[in-house]
Amino acid sequence: MNPDIVIYLIVLLSLLLLGTFFSAAEMAFSALSRPRVKTMGENGSKRASLVLSMHERFDELLSTLLICNNIVAITAATVGVVFFVRLAGEEHGPWISAVVITAVVVVLTDIFPKSVAKESPERAAMFCAPFLNLLMTLLKPVNRLIAKLRKGLSNALIKKEETNEEDERAMVGQELLFRVEEAENDGDISEADSLLISNAIEFNDLRAEDILTPRVNIAGIPKDSTLEQMADIFMESGYSRLPVYEESLDNVQGVVHIRDFLKCMADESRPLEAIIVPPVYAAPTARARDLLGILKKAKSHMAIVIDEYGGTEGLVTMEDILEQLVGDIYDENDEVIEEFVKLEDGKHQINCSADIGKMFEYFGMDEDEEETAHLSTVSGWIMNTLGRIPEVGDTFTHGKLTVTVTQADQRRAELCVVEV
């Protein structure tokens, strides 16, 4: 065999191997998990620390990979033509080169290495890191020039969209939720861990109006009540803390803890005013995270939510806030009320105090935001749809749902049955 052909073959195979290396490296650095690599680095892996450092300069890394890959591909195509012309002659060499080089480049130096690298991106990235780091150092002037050109073209051709801080935070939150969902689907985290992380991410957007106990459900103590009357209210409500009001719930004077009330009963000379703790007030739009901080600072477990007219809209307890993170918290005296109960024949019993958004999600339907923008509960939605106070037996259809009111009082619907 002609020595020149052997040299061209060695050069061609070397170029194809380099192409395989760069394709695998591109996929590895694109698919790796930063938390995993960071953990490896903290455990003493110098390669992992190098990978993390390079990943932080991902634009420069990607630019280096693209430059090297294109150089290799163009050079391989040129050498391939020369090789096959020498091997098969000028008549058949060029088209044989085109077919063979294309097939090899697509399958062996693109699809195959990327598939392998995706299976274990962290290992692949650590294997490629030292050589890539050297190439990034050598091509640093070229990468800087490309970065400046890219920035100039972006400013000239693309009008940057203005996004406020709230929108930016919302986008980051959605991206994190997506990543948590992907991790759960891949089996990296359990369903319970996924729920806890998702709740923590969504917690940032929660407001007092989203989690409050509405005024109609508040059990309160009139300020002029006797000790016996107060004892009856505590026994009937089952709560350990109750707001104290004067004349109406719009004028909450404070909060009484059952522990202090029992001390007052034991020592009747102790005035009732001495055990009333000043209330914490909050606006409906107050963030849950801020309200939690306020309650902790005030050493209080309850906040009265005030509407725009200064009246009482509802109340929020520290337990309400914590339940948004860890789920429902029950003690031995709590009555467990299920909001959605599946019955027979495609029917479901719905507690009308349930969130309207949760109900639509339960049935796999898109919520009509224009129709429900000012509503928060299923009861409010039923009343809004009927145009009057619901009565037992009222029925209406909404999309694929047939809703029948099965329990109601003089003010609202309490239970309904929904048939799909």
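Miscellaneous remarks
- Net charge dipole size for the stretch 280-420 [Lys, Arg +1 and Asp, Glu -1 on Cβ; Debye, nearest 20]: 440
- Dimensionless Rg over Rh [the stretch 278-420; C-alpha; Kirkwood]: 1.01
- Between Leu177, Ile233, Ala124, the Cα set farthest toward the positive side of the dipole of the chain (charges on each charged residue's Cβ, about the Cα centre) is that of Ala124.
- Once the 1.4 Å probe is applied to the protein heavy atoms, the chain comes out at 62 Å² accessible per residue.
- Dipole magnitude of the chain about its Cα centre (Cβ charges: Lys, Arg +1; Asp, Glu -1), debye to nearest 20: 3300
- Per-residue Karplus couplings for the stretch 253-263, computed as 6.51 cos²θ - 1.76 cosθ + 1.60 with θ equal to phi - 60°, are listed in order as 8, x, 10, 10, 9, 4, 4, 5, 5, 5, 5 Hz, Gly and Pro entered as x.
- Both radii come from the Cα set of the chain: Rg as radius of gyration, Rh as Kirkwood radius; their ratio Rg/Rh reads 1.19.
- Database remark: amide H of Gln407 closer than 5 angstrom to the amide H of Glu414, Leu415 (H placed geometrically; neighbours at sequence offset of 5 or more, or on other chains; Pro and chain starts carry no H).
- Accessible surface ranking for Glu91, Glu209, 1.4 angstrom probe, highest first: Glu91, Glu209.
- Within the straight-line cut-off of under 23 Å between alpha carbons, the lysines reachable from Lys114 are Lys38, sequence neighbours fewer than 8 places apart in one chain being disregarded.
- Relative contact order %, the chain, counting alpha carbon pairs below 8 Å whose residues are six or more apart: 10
- Förster radius 41 Å - calculated FRET efficiency between Leu262 and Glu339 (Cβ-Cβ, nearest 0.05): 0.75
- With loop membership from DSSP and a limit of 12 other Cβ atoms within 10 Å, the longest segment of the chain without chymotrypsin sites (Phe, Trp or Tyr not before Pro) is 1-308.
- Working note: 222 nm ellipticity from helices only, DSSP H runs with n ≥ 4, each -39,500 (n - 2.57), summed and divided by the residues of the chain, gives -17500 deg cm²/dmol to the nearest 500.
- Computed extension gain for Arg289 through Glu367, at 0.36 nm per residue and net of the alpha carbon distance, reaches 25.5 nm.
- If the chain linking Thr137 and Ser190 were pulled fully straight, counting 0.36 nm for each residue of separation and taking away their Cα-Cα distance, it would gain 14.9 nm.
- Eligible lysines near Lys358 by straight Cα distance, threshold 28 Å, same-chain separation 8 or greater: Lys342, Lys347, Lys400
- Annotation: Glu419 carries an accessible surface of approximately 80 Å², with a 1.4 Å probe and no ligand, DNA or RNA atoms counted.
- Note on the chain: with neighbouring protein chains present and a 1.4 Å probe, carbon and sulfur make up 55 percent of its accessible heavy-atom surface.
- Applying a DSSP loop filter and a limit of 10 other Cβ atoms within 10 Å to the trypsin sites (Lys or Arg not before Pro) in the stretch 1-89 leaves nothing.
- Accessible area, probe 1.4 Å, largest first, for residues Lys400, Lys151: Lys151, Lys400
- Projected area, mean over directions - the stretch 1-151, Cα convex hull, nm²: 10.7
- Listed residue pairs exceeding 28 Å between alpha carbons, taken from Lys46/Lys148; Lys118/Lys148; Lys263/Lys299: Lys46/Lys148; Lys118/Lys148
The values are calculated or read from the model by the stated rules, or taken from the named source; none is laboratory data. As the structure is a computational prediction, the values presented were derived from the model and not from experiment. No Cβ is skipped: glycine too gets one built from the backbone with ideal geometry, and neighbour counts run over all protein chains shown. For the accessible areas, the whole protein counts, side chains as well, though only heavy atoms, and no ligand, DNA or RNA atoms are used. Shrake-Rupley method; radii C 1.70, N 1.55, O 1.52, S 1.80 Å.
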